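The values are calculated or read from the model by the stated rules, or taken from the named source; none is laboratory data. From a predicted model like this one, the values you see are computed outputs, not experimental measurements. Glycine also receives a Cβ, built like all others from the backbone with ideal geometry; neighbour counts cover every protein chain displayed.
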Ligand code: DGL
């Protein structure tokens, strides 16, 4: 039987993680689920996000997936603890924030400030603060609610004047804070990195995807065959496959088929 790693997100954001997973495991097989029907997650309640993610996990379990990457900060922040408890006997879950946090603050000194660009639900959860506290309680954490950024990516509004104004307003907060590093705390945001850099190229940007992928490679419960597989990737969405394709195309080469799943 073929081993697959399941990768989930609300939409195209998780593709920024999938690219890195493929980089480190080029022969691995992956199932990607974009929950486009319920996107964006960041403005939903924790209970709603929990229930959307649970549906996707059940979908993966039916496909015999035994390792799942939460390529979504929001889900990792508000739904991982409950879902891990419920699914731990059937699926090994890699939640984004918890898996990468040590690297995100690596080399920061006491009293340094780290800013986190994230969705509203992630910022409200204080998950970044709680996880950072475990390793260094003297680092200051500044969560910045970047509601609206996800739609810029999903609706391809990169050139829109309003998009640039919104991004600039968040970059201004960073400048004033004196933060040393900004975590791209939503997997959609790496696709905005060029715009961020236009406004501020001096600060360090941390994209968790590379680190997450290396840790998944080392710790997933997979047979050796996985690493020498066919390098197959299957895409599933809960709404509008063609819209998903259009939003993904600028940065990800989706194959022929995107399968619509009624969740
Ligand atoms: N890309 C996800 C994240 O990392 C979800 C964004 C959303 O749907 O609001 O948080």
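Cβ separations smaller than 6 Å between residues 6+ apart or across chains give the following pairs from the range 15-37 residues that are more than 14 Å from residue 234 (Cβ to Cβ) to residues that are part of a strand (DSSP E or B): 36/237. Could you tell me whether residue 64 is more than 13 Å from the ligand (Cβ to nearest atom), in contact (Cβ under 8 Å) with a residue 12 or more places away in the chain, farther than 29 Å from residue 167 by Cα and outside any helix (DSSP H, G or I)? So residue 64 passes the test.
Is one or more of the residues making up the range 17-39 within 13 Å of the ligand (Cβ to nearest atom), out of contact with any strand residue (DSSP E or B) (no Cβ under 9 Å at 6 or more places or on another chain) and in a helix (DSSP H, G or I)? No, the conditions are met nowhere in the range 17-39.
Counting only residues that are within 20 Å of the chain's Cα centre (by Cα) and closer than 27 Å to residue 241 by Cα, how many does the range 158-209 have? Looking only at that region, the number is 16.
Being within 16 Å of the ligand (Cβ to nearest atom), assigned to a helix (DSSP H, G or I), in contact (Cβ under 8 Å) with a residue 12 or more places away in the chain and in contact with a helix residue (DSSP H, G or I) (Cβ under 7 Å, 6 or more places away or on another chain) is true of residue 192.
Scanning the range 113-147 for residues that are surrounded by fewer than 22 Cβ atoms within 10 Å (Cβ to Cβ) and within 10 Å of the ligand (Cβ to nearest atom) gives 120, 147. Here residue 47 passes the criteria (1) within 16 Å of the ligand (Cβ to nearest atom); (2) in a loop (DSSP other than H, G, I, E, B) except the one numbered (2).
Each residue in the range 225-257 was checked for being outside any helix (DSSP H, G or I), touching a strand residue (DSSP E or B) at 6+ places or on another chain (Cβ under 9 Å) and under 30 Å from residue 128 (Cα atoms), and 4 of them qualify.
In this structure, does residue 222 turn out to be touching a strand residue (DSSP E or B) at 6+ places or on another chain (Cβ under 8 Å) and closer than 21 Å to residue 73 by Cα? No; evaluated as a whole, the condition is false for this residue.
Which of the helices (runs of 4 or more DSSP H) found entirely inside the range 72-128 contain at least 2 residues meeting this: more than 13 Å from the chain's Cα centre (by Cα) and farther than 20 Å from residue 215 by Cβ? Even if it seems obvious, please write down each step before you answer.
Numbers: elements: 73-78, 80-87, 96-104, 120-125.
Output list reads 80-87, 120-125.
The requirement of being under 20 Å from residue 240 (Cα atoms), more than 12 Å from the ligand (Cβ to nearest atom) and touching a strand residue (DSSP E or B) at 6+ places or on another chain (Cβ under 9 Å) is fulfilled nowhere in the range 89-98; no residue meets it. In this entry, residue 6 passes the filter for residues that are outside any loop (DSSP other than H, G, I, E, B), crowded, with 23+ Cβ neighbours inside 10 Å and modelled with pLDDT of 95 or more. Just one of the numbered conditions (1) at pLDDT 95 or above; (2) away from the ligand (no atom under 16 Å from the Cβ); (3) in a helix (DSSP H, G or I) is not true of residue 175: (1).
Residue count for the range 195-222, restricted to those that are closer than 20 Å to residue 108 by Cα and either buried (at least 20 other Cβ atoms within 10 Å of the Cβ) or within 16 Å of the ligand (Cβ to nearest atom) (or both): 8.
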